[in-house]
Structures are given as structure tokens and as C-alpha cells.
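One structure is given below, encoded as C-alpha cells.
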Amino acid sequence: MFKEVSLGQYYQADSVIHRLDPRVKLVGTLLYMISLFVFNNIFCYAVAALLLASVMMLCKVPVGYMFKGLRAVLFIMLFTVVFNVFFTTGDILFEFGIIHISKEGIKMAVLMLVRLTLLIVSASIMTLTTTPNRLTDGLEKLFRPLKLFKAPVHEVALMMSIALRFIPILSEETDKIVKAQTARGAKFDSKKLIERVKSLIPLIVPLFVSAFRRASDLALAMEARGYHGGEGRTKLYPLKYEGRDFVSYIILALYVAVIVFLGIMSARIVAFLTPENSYLTLFF
Amino acid sequence: MPIIADGLTYVYGSKTKAKTTAVDNVTFKINDGQFIGLIGHTGSGKSTLLMLLSGLIKPTSGTVYIDGEDIFAKDFDLHSIHGKVGIVFQYPENQLFEETVFKDVCFGPKNMGLDKKETELCAYEALKLVGLEDEVFYQSPFDLSGGQKRRVAIAGILSMKPKILVLDEPTAGLDPAGRKEILDLVKNLCREKGMTVILVSHSMDDVAEYVDRILVMNDGRLEIDAVPKEAFKHKEELEGFGLALPQVTQAMIKIKEIGIPVRTDAITVEEAANEIMRVLY
Amino acid sequence: MKIIKAEKVTFEYIRRDEEGNVEGINRAVDNVSLDVKEGDFISILGANGSGKSTFAKHLNSILLPTEGTVWVDGMDTKDEEKINKIRQTAGMVFQNPDNQIIGQVVDEDVAFGPENMGIPTEEIKERVEEALKTVGMYEFIKRSPNSLSGGQKQRVSIAGVLAMHPKCIVLDEPTAMLDPTGRKEVIRALRALNEVEGITIILITHYMEETVYSDKIFVMHKGSIAMEGTPREVFSRVDELKEYKLEVPQITLLAHTLRQRGLRIPECVLTVKELTDAIKNC
């Protein structure tokens, strides 16, 4: 039943974005997220949205998948909007009893909404277009400098990729054990907390026993296949930057430059665009 | 406690993923005390059928009657079925969890709400039934050998005193002597204790030797339902399902091909030897 | 040339109670000596707990003998400097197909061994493809191991060892958890490796039918070698095998029964063909 469960949410397709080096995507997503937090004015968001829209068009993933992530944070988004709209003080636009809605409130709410959407969609695109494996590889390579400080970078990366391989196997196993214990009359749905915790013992003990056995089997198998740590290992698919990766870095650098410029200059642009008392001020 | 499967169907999958019909409109009746062999290629729906019969999953359509009662009816307490139908999963030793063998075997009867004395009595009887010595009762189940662990796991089911015992490949991974011991135990439960047994096996030789009736599954459907001698006459059909005949039956067919007029319905070594001797002398 | 040579190998492990006091010593392997010729197909038979798996783990330095010596292609398995070379010469495949696949994609798993050996990327690619073709799994190169059947997973594991270009492959009950189809797939792959590639195979199993084609069988019982010889020699001793908790194939048993009842059938019959020939001559 759980055989095809894939972690992350990789969407198989053949696109430029899929083929990009995972390091580019990791660095890119990180910079993109930082840019959204540091600069929060409408010009920056417009540029950010433009970049995201072009990536979305390039990546050949159905739009529905990219926005799926938003559903999980829907509540947070609603909360943010309500909170901002009602509790930001400023020029009152509308008043009813204790409820008052200000110009600043609406502005903040819209900006937060845009920011969250961009954040979630950008993260989704990264996981949708990169296999967990390539992601692990990318992280290992990116964090390699930490090795100088004796950080077990290779080991952590290996652990992550083994975990990813065994999650479907263990979840299938959990299902089997639940069924087997149910057949022995175990009830996993007790209302009382203590009983509920107790009822998990017949599930957790066998699961741990099995996980430990698998771990020791796997360690043996790895040893038998000559594993001796990360030293001197080569790779079937080494991460190698190609033309498109450099181009992406350049685009990224340009993006950062534009965002920083707009961030600094935004006040002046606003002043330039909006004469005193113009209704346009509502947006800036 | 006869079992009736009535148009049992089970469909896997959700809205997004492709649907697979694991069990497709299966109907049969099994009478008390019968020893049934359930065979089929991996993925033919045997395991799903076992889980349906023991009330662990609910059918998409159709139902199961045990002792005349529809076990999936709304007003039926599905929990009570576990005391009637015992299911031994593949590698059942993976479900052991208690500190001692005895405690583990007590788990089932305790869950059924028996008091301490009755629980311990049931556990003791079950452990004796599977032929474990008293000295292992207070050992950790994890310290036992593979064959012993499997017996403890089976005892854990028997202690609930089921009338119907369902086993999914109970001999997997055991050596020949271990396989024979488990099969003899199951046969004994059927013949001496009058339990109804449904045994899933990949070994045609074992099925030929032990069971009264064979159910053959393929692609979720029940294709053959007959006594072993009859079932193994369907050579082409079985081979089409990726199943073989018992080795001796195959040999008898070859012997007939070289012009010795033996009957080809022998399914055990004993029968085959008798038949060859009858023809040659 | 002897690819494997074991001389008086004994392996003991110490059982301890919860406080760490010695409870007793188990002798899992007891004074085992055997030679394996390069290019042979060897089977080691034995019931559960006969010590066959423990012995197998000595063949590529996973366990070191308490007493005695094991040489792999002339290298002493105790020699720590040669450990990588030994593991590359005698590859090992284990019982549980799920617990020995490391990669999340078939090709990545097969590459694991060569990667450890530090083989250049281009050559790894060649080796992976070649190994998968040899075991007939090339079409699954981009699949997730979780989507494969047991027999297919075991063939991927065999490919993973093959990609290290071993001279000898030791398989520790590779078919114990498989269905009959999977068992046939694995055994067929092993026979092809042995016959076509000339790789020495050491198959540890308790399924008698799988050993019919071996050059030599060793039967282990309680840690020692109880019988050795060609399949014909070993299988003719039906009653003795029963003592070691083993069983001869049904065809051999049928022939044995007929012989006991007075038919003139040769000492040991292994295949249906031999049986029909024998009956024809009666």
C-alpha cells in the first residue's frame, strides 16, 4: 500500500529547472526567501513575483501542484490577514463599533499574503523539481566547508538518504504490525490518554526491534560492499556545474541587485510616482 | 462455524491513484474442520482475502458470514471476530513484544477480557499445543531461535481459542525440518482439535500432501476450487497463473509420455510410488 | 588455484547476561576446513542454526575466525591492509532483499560498491550498466527498489556485487524470503554468472532443489562439516540428511522409495529425466 510513497513531493518531468544543479536551486531558494523578508515593498514583490512566474512557466509542473503547499498554511494566512487588517493602526478607512480598518492594515495584509504565497510556492517548486537524493547530494556539497570544523557532513547526508529509502518500508511494516496486533484484540483507539499510550507498546516494541535489525543488516551489507566512510569515494552522478547553472547564478545575481536597488530606492520612487494626496498612496 | 464469502470484492487505491481490484467477486463456503490450501502467485490477492476473512479490512462490496452472521453488518461487533478467526501473518515473530514468552502469549486472551486465571490457562494450553518446553516460558521471546519464535507467535493466536485458523505462509524462511514441524502442528490442530484451517502456501508439494481442498486465486479472482487431485489436473491453467504442479505429478506426466501407462493424478511421493509399482508389476 | 581456503576455522561468541558476566561460550563454527576451486559452483547446506551463515561471514572478513585461518585468493582475511581487496574479491549477498539495498534508485544502488572503491565516474556508469544487463535487470535501471519484487531486488543486490568485479560471490540464503518465481530467477542468474562469466559461486541455502547443479555440496551440522561431495553423492544418503534436518528433492525421494521397494533404479536420481530413463530400463 505504501510502496510508492515518495517523500518530499518530487514531480517527474523533463525541464530546465529539473536539470539544474541542486546547489543552484538550494542557494536560489534561500536567497529568494531572504529577499522576501528583507525588502517588503510592492516593487520588490513585483520583481520577485515576476521571477517566480517565469520559473513556474519553465518547470513543467502542473500549477495545481505548486499551490498545493498553500493549503497546509491556509489557516496561518487567514490569521495573518485578519490580524493585520484589524489590528494595524493608522489612517482609518472604515469604522464600525470597536472594529476599525486602516489603510496601513490593508496594505500590510496584502503584503503578508503575497509574501507567504511567494515563499511557499518557491519552496514547493524546489522540492517538486529535485529528487530527495539530489537534494541530499546538494546539501552535502554545499556544507562541505564545514568539514574543516570536523562536522560529519558526509555522514549526515548518508543518514538522510538512508532514512528516505527506509521510510516507505517502515511505514508498510507499521501497517502490518497494527493489523497483526489488532487481530490479537489490541485496540489503538482508546479515549483515555494513558491507555492509549499503553496500547502503543505492542506496536512500538516490534517496530524498534525490526528497525534495529534492519540497521544492523544494512551496516553489514554496506561493510561487505567496501564502505569505509566518505574518504576516497567517487560518485556515479557527481554534481558538476554546467552552462545553465552559471546562467542561473547570473540571473540570481541580477535579481539580487535589482531587489537591493529597489529596496533602497523605493521611498524615492514612491515619492516620484505619487503626488501628495493622490489615491495611489493607498498602494504604497 | 462455517465461513461463507459472498461476492467479496476489495478495491485498493484512492481518487488520485489508479485503482486495483485485489479481490474480485469471490464466493465460497468452507465447512467446519476443513483443511483448505489457498494458492496463487504473489499479488494474486491471497493475503488481502485472508485479511477480509479475519475482519481486518472492510470489503468494497460483498461480505463474509461466520457462523451465519454477517461480520461487516453495522450492528456486528467486529472486535469479537478476533476470538473466532485467528490469523497468523507472514513472519509472525515480528509481532512479539513482551518481556517473556508467557506474557506475550497472554496478550490476546487478556484483550478479549478474560480474567487473569483464564488468561494464563489459555496461554499455557496454547504453548503446550505448539510443543514448547516449560523452560522457555519465562525467557525473552527475542532470545529464542527462529523456529521457536514462530511457535510462540502461533501460540499467541491459539491462546485466543479461535475456531478458524488462517495462516499466511507460516513456513517461510524455515528449514525443511522446521517446515514439516509447523505443517504437522497445523494438521494436528485441524484433525485433533477440529479447527478449520486456511493455509496460504507457495509450495505445491506441501499443499498436495496436507490439505483437503484447494482454492486457487489469480488476479483477485477465485479460479479453481477443488480437492487437490482435481485441482492439479488443471495443468495448463495453473501454469498460466504462474503456478507449477507438485514435482511428483510432473514426473508422472513425463513417465506416461515415455509410454508407461501410469495414471498422472498422483500428488505425493507415496501415491506416485504405489502407482508406478502397480503398473510395473 | 584455490579461490577460498579455510583451515580449521573455529568461531566462538561469548554470551553475556544483563550485567555483562559471561554466561557461556557458543561455538558457532567448529573446526571447518574446506577448499573452493576457482570457477566452481559450491553449495553449503544446513538447517537453521547449523553455523552456515556464520561461516559465510568469514569469507569476506566480516567475521574473523577465533581459531584457524581463511584465505581469499591467497589473502589472509585477518590482514587488515588487504580488507578492501578481500571484500572486492569475494562479494556478498544477504538474505533480506530490503535490508541490503542502499540507493533509492536501482542504478545508484548498484554504483555503491564501485563508488566505495573510488572508480572514476565514467567507468562506474559502464560497470553499472554491464552488471544490470548480466542479471537481466537493465530495464529497471531508473526504478525505485521499493517497486520491485523480491526476486528482482535480489538480482539488483547481485548486480551491486558484480559491479565490483569480484572473482567469487558468497550468497547467504538469498532465496529464503522469496516466492518460487523469485527463487527461480535468482538461481538462474547465479548459474549464468557461473557458466558464462566463470565467477565462483558459494550458495548457502536450505532448499535442496537449488543445489542440484552445484559442482560440490558441503552439509553443515552443529558448526562442522557433516557431509561433502557431489550432489549425487550427498543426495544418495537420504536418511543421513534427515538427521541433519534436511530433505532430498521429491524426485530423489521418489526414486529412493522405488528402489527400496525393489525396482532396479540407480543409487541417486536428481532430475525427472534421470528418473524416466531409469524406469524405462526396468
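Work out from phi, with θ = phi - 60° and the Karplus expression 6.51 cos²θ - 1.76 cosθ + 1.60, the ³J(HN,Hα) of each residue of the range A:246-252, listed in order in whole Hz, and give x for Gly and Pro.
Each residue of the range A:246-252 in turn: 5, 4, 4, 4, 5, 4, 4 Hz.
Please give me the summed charge of the neighbours of C:Ser53: other residues whose Cβ is under 11 Å from its Cβ, Lys and Arg +1, Asp and Glu -1. Intermediate values should be presented prior to the final figure.
Numbers: positive: C:Lys52, C:Lys57; negative: C:Asp172, C:Glu173.
Its environment carries a net charge of 0.
Given Cα pairs under 8 Å that are at least 6 residues apart, what percent is the relative contact order of the range C:72-183?
Computed value for the range C:72-183: 40 percent relative contact order.
For chain B, what ratio Rg/Rh do Cα atoms give with a Kirkwood hydrodynamic radius?
With Rh from the inverse mean 1/r over Cα pairs, Rg/Rh is 1.01.
If you take the C-alpha gyration tensor of the range A:132-240, multiply each eigenvalue by 5 and take the square root, what semi-axes do you get, largest first, in whole Å?
38, 16, 12
Between the range A:171-191 and the range B:200-217, what's the alpha-carbon centroid distance in Å?
Using only Cα atoms, the two centres lie 29 Å from each other.
Specify the angular offset, from 0 to 90 degrees and rounded to the nearest 10, of the alpha carbon long axis of helix A:63-72 from the longest principal axis of the alpha carbons in chain A.
Helix A:63-72 sits roughly 90 degrees off the main axis of chain A.
Return the long-range amide H neighbours of B:Ile214 (sequence gap of 5 or more, or a different chain), with a cut-off of under 5 Å between placed amide H atoms.
For B:Ile214, whose amide H was placed from the backbone, the distant partners under 5 Å are B:Gly37, B:Ala226, B:Val227.
Two decimals is fine: what's Rg over Rh for the protein assembly as shown, C-alpha atoms, Kirkwood radius as Rh?
1.05
For A:Ile269 and C:Asp79, what does the FRET efficiency come to when R0 = 60 Å and r is the distance between their Cβ atoms, rounded to the nearest 0.05? Let's see the in-between values first.
On the way: r = 74 Å, r/R0 = 1.24.
The computed FRET efficiency comes out at 0.20.
Can you list residues whose amide H is under 5 Å from C:Ile4's amide H, if they're 5+ apart or on another chain and H is modeled 1.01 Å from N?
It is C:Val36, C:Asp73, by chain and number.
If you only keep lysine pairs separated by 8 or more in sequence, or across chains, how many in the range A:132-240 come under 21 Å at the Cα atoms?
11
Based on the alpha carbon coordinates of chain A, what radius of gyration and maximum Cα-Cα distance (Dmax) apply, in Å?
25.2, 78
Which of B:Pro261, B:Pro162, B:Pro246 moves the most in a Gaussian network model of chain B with Cα springs under 10 Å?
In the Gaussian network model the winner is B:Pro261.
From the phi angles alone, apply the Karplus equation (6.51, -1.76, 1.60; θ = phi - 60°) to the range B:208-215 and give each ³J(HN,Hα) in whole Hz, x where the residue is Gly or Pro.
Taking θ as phi minus 60°, the curve returns 4, 7, 9, 8, 8, 8, 10, 10 Hz for the range B:208-215.
So which of C:Lys57/C:Lys78; C:Lys85/C:Lys153; B:Lys117/B:Lys161; C:Lys57/C:Lys184; C:Lys82/C:Lys222 end up more than 19 Å apart by C-alpha? Before the final figure, lay out each step's value.
Numbers: C:Lys57/C:Lys78 13 Å; C:Lys85/C:Lys153 26 Å; B:Lys117/B:Lys161 15 Å; C:Lys57/C:Lys184 24 Å; C:Lys82/C:Lys222 31 Å.
Going by Cα-Cα distance, C:Lys85/C:Lys153; C:Lys57/C:Lys184; C:Lys82/C:Lys222 fall outside the 19 Å limit.
Quick check: net charge around B:Val262, other residues with Cβ under 14 Å of its Cβ, Lys/Arg +1 and Asp/Glu -1?
With Lys, Arg at +1 and Asp, Glu at -1, the neighbours total +1.
Taking the full set of protein chains and a 1.4 angstrom probe, give the accessible area of A:Met159 in square angstrom, rounded to the nearest 10.
Its accessible surface works out to 130 Å², give or take rounding.
For the range C:162-195 and the range C:23-85, compute the distance between their C-alpha centroids and round to whole Å.
After rounding, the separation between the Cα centres reads 19 Å.
Report the net charge of residues surrounding C:Ile25, where surrounding means a beta-carbon distance below 14 angstrom and charges are Lys +1, Arg +1, Asp -1, Glu -1.
-2
Relative to the longest principal Cα axis of chain B, at what angle does helix B:101-111 sit, 0 to 90 degrees, rounded to 10?
Once rounded, the angle reads 80 degrees.
Given R₀ = 30 Å, FRET efficiency for B:Lys233-C:Arg232 by Cβ-Cβ distance, to 0.05?
Details: r = 33 Å, r/R0 = 1.10.
My answer for the efficiency is 0.35.
Ignoring everything but the protein chains, give the 1.4 Å probe accessible area of A:Thr131 in square angstrom, nearest 10.
A:Thr131 exposes around 40 Å² with every protein chain in place.
From the Cα gyration tensor of chain C, with a ≥ b ≥ c the square roots of its eigenvalues, which class applies: rounded if a/c is under 1.5, or else prolate if a/b is larger than b/c, or else oblate?
Note, shape of chain C comes out oblate.
Under a crude label model (7 Å from the Cα following the beta-carbon direction), how far is C:Glu129 from B:Ser61 in nanometres?
5.0 nm
Against the longest alpha carbon principal axis of chain B, how many degrees, from 0 to 90 and to the nearest 10, is the axis of helix B:176-191 turned?
That helix lies at roughly 80 degrees to the long axis.
What value, in deg cm²/dmol to 500, does the helix sum -39500 (n - 2.57) over DSSP H runs of n ≥ 4 give at 222 nm once divided by the residues of chain A?
-23000 deg cm²/dmol
What is the percent of Cα-Cα separations in the range B:88-179 that go past 15 Å? List each step's numbers first, then the result.
Numbers: 2299 of 4186 pairs.
Cα-Cα pairs in the range B:88-179 separated by more than 15 Å: 55 percent.
Looking at the protein assembly as shown, what % of its DSSP beta bridges pair antiparallel, to the nearest 5?
55 percent
Using only C-alpha positions, report the orientation-averaged shadow area of the convex hull of the range C:169-260, nm², one decimal.
In nm², the orientation-averaged hull projection of the range C:169-260 is 6.4.
Assuming 0.36 nm per residue, please report the length gained on full extension of the stretch A:Ala257 to A:Ser216 beyond their Cα-Cα distance.
The A:Ala257-A:Ser216 span can extend by a further 9.6 nm.
Across chain C, where is the longest run that never hits GluC sites (Glu not before Pro) in a DSSP loop with at most 12 other C-beta atoms within 10 Å?
Excluding the exposed sites themselves, the longest stretch runs over C:20-266.
In nm, to one decimal, how far is the A:Ile76 label point from the B:Arg278 one, both placed 7 Å along Cα→Cβ?
7.8 nm
Residue by residue, what Karplus-based ³J(HN,Hα) values in Hz, rounded to whole numbers, does the range C:215-228 have, using 6.51, -1.76 and 1.60 with θ = phi - 60° and x for Gly and Pro?
Ordered by residue, 3J(HN,Hα) equals 6, 8, 10, 10, 9, 9, 8, 6, x, 10, 7, 8, 9, 8 Hz.
Interface C/A, total buried accessible area with a 1.4 Å probe, nearest 100 Å²?
Interface between C and A: roughly 3100 Å².
The values are calculated or read from the model by the stated rules, or taken from the named source; none is laboratory data. Keep in mind that what you see is a predicted model, and the values were worked out from it rather than measured. Here Cβ is always computed from backbone atoms with ideal geometry, including for glycine, and neighbour counts include all displayed protein chains. For the accessible areas, the whole protein counts, side chains as well, though only heavy atoms, and no ligand, DNA or RNA atoms are used. Shrake-Rupley method; radii C 1.70, N 1.55, O 1.52, S 1.80 Å.
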